[in-house]
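Taken together, the values in this text are just the output of simple stated rules run on the coordinates, not laboratory data. Just so it is clear, the model here is predicted, and its values are computed rather than measured. Cβ placement follows ideal geometry from the backbone for every residue including glycine, while neighbour counts extend to all protein chains displayed.
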Amino acid sequence: MNLEFNIAVHLLTFLVKHPDERYSSGELAVRICVNPVQLRRVTRKLNEQQYLDASRGKFGGYQSNQSTNDVNLADLFVLFNEEKSEGRLFTGDEGSDCEISREIGQTMFQFHQREQDLLAAYYKNITIKDVLKDVLKEDSHETV
């Protein structure tokens, strides 16, 4: 899990709760408690996948569409957990004379791949609609 995944789930859940409204990136950034640049990085990917509607201009903004309710969290998890080149993830060196150092990277890569597959499987049957239902259920138990 990472911040972009959380932003995506929060954003889509909010838009599903307000289906007839259109929000600017500035308004959404305030409501989601993130920087507008972070939000736009996420909305760009969501729009490419057609998980929301985006329009530009004075009256533009973001809005849920017919598929937003049914967006699957596994798809979002994969979309926002793609490998990034922000430095290395694994130790070792395939050219090393140390057997452990030569092989550990491949072994850890396999563990990492299994971990990602397990997490995606966990999220497979959860949709944005389910998240909204869960959030609203929790909200009804709050004490004032």
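Anyone know which of T91, T68, T127 comes out most mobile in the 10 Å Cα GNM of the chain?
For the chain, modelled as a Gaussian network with Cα springs under 10 Å, the answer is T91.
For segment 24-88, which GluC sites (Glu not before Pro) are in a loop by DSSP, counting at most 16 other Cβ atoms within 10 Å?
Numbers: sites: E27, E48, E82, E83, E86; in loops: E82, E83, E86.
Here the GluC sites (Glu not before Pro) that fit, given the DSSP loop and packing criteria, are E82, E83, E86.
Which FRET efficiency value, to the nearest 0.05, do you get for K129 and C33 by plugging their Cβ-Cβ distance into 1/(1 + (r/R0)^6) with R0 = 35 Å?
Numbers: r = 23 Å, r/R0 = 0.65.
Result of the calculation: an efficiency of 0.95.
What number results when the radius of gyration of segment 56-105, computed over Cα atoms, is divided by 2.2 N^0.38 Å?
Working: Rg = 21.1 Å, N = 50, 2.2 N^0.38 = 9.7 Å.
Output field value: 2.17.
With Kirkwood's inverse mean 1/r over C-alpha pairs for Rh, give me the Rg to Rh ratio of the chain, two decimals please.
Details: Rg = 19.1 Å, Rh = 17.3 Å.
Reported Rg/Rh (Cα atoms, Kirkwood Rh): 1.10.
Suppose every Lys and Arg Cβ carries +1 and every Asp and Glu Cβ carries -1, with no other charges. What dipole size does the chain come out with about its Cα centre, to the nearest 20 debye? Don't skip to the end; give the middle numbers.
Working: 17 positive and 23 negative charges, 158 e Å.
About 760 debye.
Taking DSSP loops as anything outside H, G, I, E and B, show the longest stretch in the chain free of chymotrypsin sites (Phe, Trp or Tyr not before Pro) there with at most 15 other beta carbons within 10 Å. List each step's numbers first, then the result.
Working: sites that count: F59, F90.
That gives 1-58 as the longest site-free run.
If I fit a long axis through the Cα atoms of helix 99-123 and take the longest principal axis of the Cα atoms of the chain, what angle between them do I get, 0 to 90°, rounded to 10?
20 degrees
Name the most mobile residue of E115, E21, E103, meaning the one with the largest mean-square fluctuation, in a Gaussian network model of the chain with Cα contacts below 10 Å.
Among E115, E21, E103, the largest mean-square fluctuation in the Gaussian network model of the chain belongs to E103.
With each run of n ≥ 4 DSSP H residues scored as -39500 (n - 2.57), what mean residue ellipticity at 222 nm is computed for the chain after dividing by its residue count and rounding to the nearest 500 deg cm²/dmol?
Details: 6 runs with 81 residues, N = 144.
About -18000 deg cm²/dmol.
May I ask which residue of N2, I126, P36 lies farthest towards the positive end of the charge dipole of the chain, with charges of +1 (Lys, Arg) and -1 (Asp, Glu) on Cβ and the Cα centre as origin?
Towards the positive end, the residue furthest out is P36.
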